[in-house]
């Protein structure tokens, strides 16, 4: 039996990148998936096709998780449940980052970052938990954080702050939802090669610098993150909750890399 057979996951921001890789990993592990993106574009269609080819029942829902109230989040979740009411796994992955010097950062940039990276995770988890409690079912939540929740970067103050909040949310919601038989964990990726990072990593100087600052010297594809996600979503991790697993090649453990040569 595959580790996620009989389970159904709703994965936000799963048209491409880490979200798409996690959705495919769930499908290969035997689970069904409800994918999500802003629109059903070519990337979304490719993600749907890949998960279908892995043998999963696949649905796709579109929708913006940013709104002035929690109605935006509720509307997206209602779409997901209408597509497949058996959802018992939630992967909060949709997010944004905008490079802005702190002294120049407008309110709108910080507000948008927090609404997508923090508010949507919080209130989507609330919708998901209410859905399970009303049906007397257990389930699992996975938050996609970042190494930036532990280590800061210049011009990433809003993003770093949001990912630090996600790590604390994992702990807090673990405590709140444990009585309802809902586990909450997180994965904090380091640097992966995705459509968002490819242009930078294609520059040899950037790629070499990142490998230098990663103990295992690797900048892998997002499938590595998917493998960690499948573990945390599965019964193999049934006694694991409230944890943020850093998948970063050791970057967060290394105070200073050796000088080249």
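Structure above, values below:
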read-out	value
Spread of Cα-to-Cα distances over 10 Å intervals beginning at zero, given as percent, for region 1-108	15, 45, 26, 11, 4, 0
Computed [θ] at 222 nm, deg cm²/dmol, the chain (DSSP H ≥ 4; -39,500 (n - 2.57); rounded to nearest 500)	-12500 deg cm²/dmol
Normalised convex hull volume, region 123-261, alpha-carbon set, Å³ per residue	125
Sequence of 183, 135, 193 once ranked by neighbouring C-beta atoms within 10 Å, starting from the fewest	135, 193, 183
Contact order normalised by residue count of the chain, Cα under 8 Å, 6+ apart, percent	19
Extended-chain gain in nm, criterion 0.36 nm per residue less alpha-carbon gap, residue 104 and residue 64	11.8 nm
Nearest 10 degrees, 0 to 90: helix 120-134 Cα axis against the chain principal axis	30
Residues 247, 184, sorted so that the one with the fewest Cβ neighbours within 10 Å comes first	247, 184
Sites residue 223 and residue 111 - FRET efficiency at Förster radius 30 Å, r taken between beta-carbons, to 0.05	0.35
Choice from 73, 48, 206 showing the highest fluctuation, given a GNM over the chain with Cα pairs closer than 10 Å	206
Projected area averaged over orientations for the chain, convex hull of C-alpha atoms, nm²	14.5
Degrees between helix 223-233 axis and first principal axis of the chain (Cα, 0 to 90, nearest 10)	40
Packing-based exposure ordering (other Cβ within 10 Å, fewest first) of 60, 128, 77	60, 128, 77
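Quick note: the coordinates plus some simple rules give every number you see, no bench work behind them. The model shown is predicted, which means the values in this text are computed figures rather than measured ones. A quick note on method: Cβ atoms are made from the backbone with ideal geometry, for glycine too, and the neighbour counts reach across all protein chains shown.
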